[in-house]
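Working notes for the structure below.
The values are calculated or read from the model by the stated rules, or taken from the named source; none is laboratory data. Everything quoted here is computed from the prediction, not taken from an experiment. Cβ placement follows ideal geometry from the backbone for every residue including glycine, while neighbour counts extend to all protein chains displayed.
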Amino acid sequence: MVASSCKAYLEISDQAQRSMALRSELQSSGVSLVDCPHNGRKDVADKMIIVDMFAHAIDTPALSTVVLITGDRDFTYAISTLKLRMYRVVLVTLSNAHASLTAQASVCLDW
């Protein structure tokens, strides 16, 4: 499996100075940082991740792999939908992640 892209979603303006080194390290490692300004709105990053997963699905033939690192059940339906369309979904999550989330993934890895 070869990664075509790797993204991390965060509100960059909200990050403390101490995290500048981590952000720099992520960027120099090939991780694209996606700024998700909330402006008082809820679930901005989640919605951006879901849209990007489906944009990837539109641009990439089925049978490719999507890797998602989360423990958030809000992604359950998106994972299920991608899997039904023949995408392999690898979920990296905590061992205590909700069963409704882990059951949808093709492969579930414990973080």
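Residues that are loosely packed, with under 12 Cβ neighbours inside 10 Å and either within 14 Å of the chain's Cα centre (by Cα) or among the hydroxyl-bearing types (S, T, Y) (or both), at least 2 per element: which helices (runs of 4 or more DSSP H) completely within the range 2-98 meet that? Lay out the reasoning, then the answer.
On the way: elements: 20-28, 44-59, 76-84.
It comes to 20-28, 44-59.
Using the structure shown, decide if A105 is modelled with pLDDT of 95 or more, under 26 Å from V2 (Cβ atoms), part of a loop (DSSP other than H, G, I, E, B) and under 15 Å from the mean Cα position of the chain (by Cα). Spell out the reasoning first.
On the way: modelled with pLDDT of 95 or more: yes; under 26 Å from V2 (Cβ atoms): yes; part of a loop (DSSP other than H, G, I, E, B): yes; under 15 Å from the mean Cα position of the chain (by Cα): yes.
Against the criterion (modelled with pLDDT of 95 or more, under 26 Å from V2 (Cβ atoms), part of a loop (DSSP other than H, G, I, E, B) and under 15 Å from the mean Cα position of the chain (by Cα)), A105 qualifies.
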Checklist entry - Got a sec? Which of V44, V51, V92 is closer than 18 Å to V2 by Cβ and without any contact (Cβ under 8 Å) to a residue 60 or more places away in the chain? => result V92
Next on the checklist: I'm told T60 meets every condition in (1) under 30 Å from L84 (Cα atoms); (2) not assigned by TED's automatic domain parsing to the domain that holds R88 except one. Can you identify the failing condition by its number?
Outcome noted: (2)
